Amino acid sequence: MSKREEKITQYKKYLQSIIPVEEKLLESLTKSLGPAIYRPSSEIVQCQEPKHIAKIRTSFLKMRLGLDKDDSILDEAIKQYCSKLPEPKYRVALYYLLVKHFKKEHLFI
């Protein structure tokens, strides 16, 4: 099993306690994050840090997903799903939940 497959298995198990997991979406999303999933500093999201929330909003929700909603709406969604995730809060898991929330699965599968 490759390192990426191990990570996907880890994320799937982690997410299954919160939501049923679509494997193709999880695999594609994990792959899209590239080497970030192997660095603890980028694999884990610091939801209590405003700069991390802003980066997720700008880099992921606006740029990757193409959302043009008000920042307060996007920040609220990030905080809502951060609160549902147990520690450690994996970036892939948060992104997965946000993709589902905003119905942007088609961008990854």
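The values are calculated or read from the model by the stated rules, or taken from the named source; none is laboratory data. Not measured: the values here are computed from a predicted model. Methodologically, a virtual Cβ is constructed for each residue, glycine included, from the backbone with ideal geometry; neighbour enumeration extends over all protein chains shown.
Report, by residue number, each residue of the stretch 1-23 that is among the basic types (Lys, Arg), under 23 Å from Leu107 (Cβ atoms) and out of contact with any Phe, Trp or Tyr (no Cβ under 8 Å at 6 or more places or on another chain). Within the stretch 1-23, Arg4, Lys12 qualify. Candidates Arg57, Arg91: the one that is more than 21 Å from Lys12 (Cβ to Cβ) and either out of contact with any Gly (no Cβ under 7 Å at 6 or more places or on another chain) or touching a residue at least 12 places away in the same chain (Cβ under 8 Å) (or both) is Arg57. Looking at this structure, is Glu76 of a type in the set (Asp, Glu) and out of contact with any Lys or Arg (no Cβ under 8 Å at 6 or more places or on another chain)? Criteria met by Glu76.
Looking only at the stretch 60-85, filter to residues that are touching a residue at least 40 places away in the same chain (Cβ under 8 Å) and closer than 21 Å to Ile8 by Cβ; which one of those is surrounded by the fewest Cβ atoms within 10 Å (Cβ to Cβ)? Once the filter is applied, the top-ranked residue is Lys84.
Look at (1) assigned to a helix (DSSP H, G or I); (2) among the β-branched types (Val, Ile, Thr); (3) surrounded by fewer than 17 Cβ atoms within 10 Å (Cβ to Cβ) and you find that Ile18 fails only one, number (1). In the stretch 27-46, of all residues being touching a residue at least 40 places away in the same chain (Cβ under 8 Å) and within 12 Å of Lys3 (Cα to Cα), the one that is surrounded by the fewest Cβ atoms within 10 Å (Cβ to Cβ) corresponds to Ile37. Applying the condition of being assigned to a helix (DSSP H, G or I) and touching a strand residue (DSSP E or B) at 6+ places or on another chain (Cβ under 9 Å) to the stretch 21-53 and asking which residue is modelled with the highest pLDDT yields Glu43. Of the numbered criteria (1) under 11 Å from the mean Cα position of the chain (by Cα); (2) modelled with pLDDT under 95, the one Leu61 fails is (2). Would you pick out the residues in the stretch 76-92 that are of a type in the set (D, E, K, R) and outside any helix (DSSP H, G or I)? Residues satisfying the conditions are Glu87, Lys89. Of all residues in the stretch 1-27, those satisfying the criterion of being closer than 19 Å to Pro86 by Cα and touching a Ser or Thr at 6+ places or on another chain (Cβ under 8 Å) are Lys7, Ile8, Tyr11. Among the residues examined, Thr9 qualifies as surrounded by fewer than 18 Cβ atoms within 10 Å (Cβ to Cβ) and assigned to a helix (DSSP H, G or I). Residues of the stretch 54-68 that are in a helix (DSSP H, G or I) and of a type outside the set (Gly, Ala, Ser): Lys55, Ile56, Arg57, Thr58, Phe60, Leu61, Lys62, Met63, Arg64.
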